[in-house]
């Protein structure tokens, strides 16, 4: 799946000259935590987050007057606090690539750049939404987690057996745990926990969990 299929298209942007508290108002109103920063030519020059704004807030320990506070706040602009070293990604990259970049770089979002132009923004929240969809978390059914031998045809054997019982597989995911063992998570409709357990038990190494949800 491509980044272009999961990103927020044409995200809200700000300029380096914008006042940071006007930007915070935008974030509060729209329920977002970070914004791309574009210069007058439309080029991405930075990223600003709520934490950047909080870190830049004036120190009130010296008890400045209300006029001094107002002056300090009016002088702070996005360019004073934004992050300028911003990782980006292409809309044609896969969501797996985006996830790896975010995890390895310990960042929560990636501006999406196409031919030098900002076309979107993909965040950890977008990836969480995708995970929910892939796991069928919004669909009622029987969820099962189990381990199997990592060998060709094993998963096909299990799904064929379920199909013969007229069970509908909502979602399925696999992960290699060891060299010859794989972990599988699936959600199935049209079957009870007991019947699913009876089907899986003789075909897998271990049934780790089965529940309705």
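Read-outs throughout are calculated quantities, based only on the coordinates presented, and are distinct from any laboratory measurement. Everything numeric in this text was worked out from a predicted model, so none of it was measured.
Tell me, in nm to one decimal, what length is gained between residue 181 and residue 124 on full extension, where the rule is 0.36 nm per residue of separation less the Cα-Cα distance? Numbers along the way, then the final one.
Details: separation 57, 0.36 × 57 = 20.52 nm, distance 2.94 nm.
Residue separation times 0.36 nm, minus the Cα-Cα distance, leaves 17.6 nm.
Using only the alpha carbon atoms of the stretch 138-212, find the Kirkwood hydrodynamic radius as the inverse mean reciprocal pair distance, in angstroms to one decimal. Could the numbers behind the result be given before it?
Details: mean 1/r = 0.0814 Å⁻¹.
Final number for the Kirkwood radius of the stretch 138-212 is 12.3 Å.
Based on alpha-carbon positions alone, could you give the equivalent ellipsoid semi-axes of the chain from the gyration tensor, as √(5λ), descending, whole Å?
Working: eigenvalues 482, 72, 43 Å².
Ellipsoid half-lengths, sorted descending, are 49, 19, 15 Å.
Can you tell which of 41, 24, 187 shows the greatest fluctuation in a Gaussian network model of the chain with Cα springs below 10 Å?
Largest GNM mean-square fluctuation: 41.
Tell me what the chain gives for mean residue ellipticity at 222 nm when only DSSP H runs of n ≥ 4 count, each as -39,500 (n - 2.57), the sum divided by the residue total, rounded to 500 deg cm²/dmol. Walk me through the intermediate numbers first.
Details: 8 runs with 73 residues, N = 213.
Rounded to the nearest 500, the figure is -9500 deg cm²/dmol.
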